[in-house]
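Worksheet: one structure, shown below.
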Amino acid sequence: MPVMRNGLLYLLAREFISVLEIEVKTRCDDLEFVEKRLKEKGARLVKADRQVDLYLSHPMRDFASTDEALRIRRAGERTSVTYKGPKVDRDTKTREEAKVEVSSADDLELIFRRLGFGVGGRVEKERTAYSVGGVLVCLDKVEGLGDFVEMEYEGDDLEEGKKVIFSLMNELGLKGSERRSYLELLEKGKRPGR
C-alpha cells in the first residue's frame, strides 16, 4: 500500500529509467515465418507474455495533440508505468521513454485517478520478444488490430539504430513503418498500410 504523503514519488523512485526509445513497428502477415527466421539468426527468447496497457488521459493536457502517452502496463506478474514523449523523427516511432516498475497497478491507477487523470484507452496483446544483433524484436498479436512486429534498438544513437533496424527488417522480409501507436490505431479503427 503506498504512503500517500510521498506515495507517488516513493513508488516512482524505486527504479527510474529514461532513454531514447528507437523503434519501428510494421504490420506482419506471417509471425511464424518471422519467428523462424529470428531463430535461424540465433535470436535469444527474452519473454512471452500477455500485456494489458491502460493509457491515462491528463486532466489539463491533451496527450493526443502533444504526441505524448502515459501508460500503466500489466505483463504477467509485473507492472510498470511509462511516460512516452513526442516522436523525434519522421521514419520511426523514436521518442523519449521514462519507465519505472511498480508493485501494484491498482494502487497506481487509484493515485492517478485521485490526481484527476482519466482512462484514455486500453490495449491488450500477446507478445513474444527476442533479442538479436542489438535489437529487441517483439512479435505482437494485438486484440482488434492483428499481428505486428516491433523492433527496438538497444542503444542511443538514432542514426545507427535506424540503420540496424531497417537492415534487420530487410533480412526478415518486413517492410513499412507504422508510426501510430496501437491505441491510435484502435481509436481510428484503421488497419495500417502494408
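The values are calculated or read from the model by the stated rules, or taken from the named source; none is laboratory data. These numbers were taken from a predicted model, which means no experiment stands behind them. FYI the Cβ positions are ideal-geometry reconstructions off the backbone, even for glycines, and counts take in every protein chain you see.
Couple of notes before you dig in:
- Residues being under 18 Å from ASP89 (Cα atoms) and without any contact (Cβ under 8 Å) to a residue 40 or more places away in the chain - total across segment 129-156: 1
- Filter result (under 16 Å from ALA98 (Cα atoms), in a strand (DSSP E or B) and not hydrophobic (A, V, I, L, M, F, W, C)) within segment 50-69: ASP53, TYR55
- Whichever residue in segment 70-119 is more than 16 Å from the chain's Cα centre (by Cα) and in a strand (DSSP E or B) and, among such residues, is surrounded by the fewest Cβ atoms within 10 Å (Cβ to Cβ): GLY118
- Residues that are touching a helix residue (DSSP H, G or I) at 6+ places or on another chain (Cβ under 8 Å) and of a type in the set (Gly, Ala, Ser) were ranked within segment 143-188; the one that is nearest to PHE33 (Cα to Cα) is GLY173.
- Total residues in segment 101-126 satisfying the condition of being in contact (Cβ under 8 Å) with a residue 40 or more places away in the chain and either within 21 Å of ARG50 (Cβ to Cβ) or of a type in the set (Asp, Glu) (or both): the figure is 16.
- Residue, surrounded by the most Cβ atoms within 10 Å (Cβ to Cβ), within segment 146-173, restricted to residues that are among the acidic types (Asp, Glu) and under 15 Å from ALA129 (Cα atoms): GLU152
- Within segment 120-143, if we keep just the residues that are in a strand (DSSP E or B) and charged (D, E, K, R), the residue that is nearest to LYS47 (Cα to Cα) turns out to be ARG127.
- Selection of first residues in segment 179-194 that are at pLDDT 90 or above and of second residues that are basic (Lys, Arg), restricted to Cβ pairs under 6 Å at least 6 apart or on distinct chains, gives the following pairs, ordered by first then second residue: ARG179/LYS93.
- Residue identified as among the small types (Gly, Ala, Ser) and over 27 Å from ILE165 (Cα atoms) among SER80, SER104: SER104
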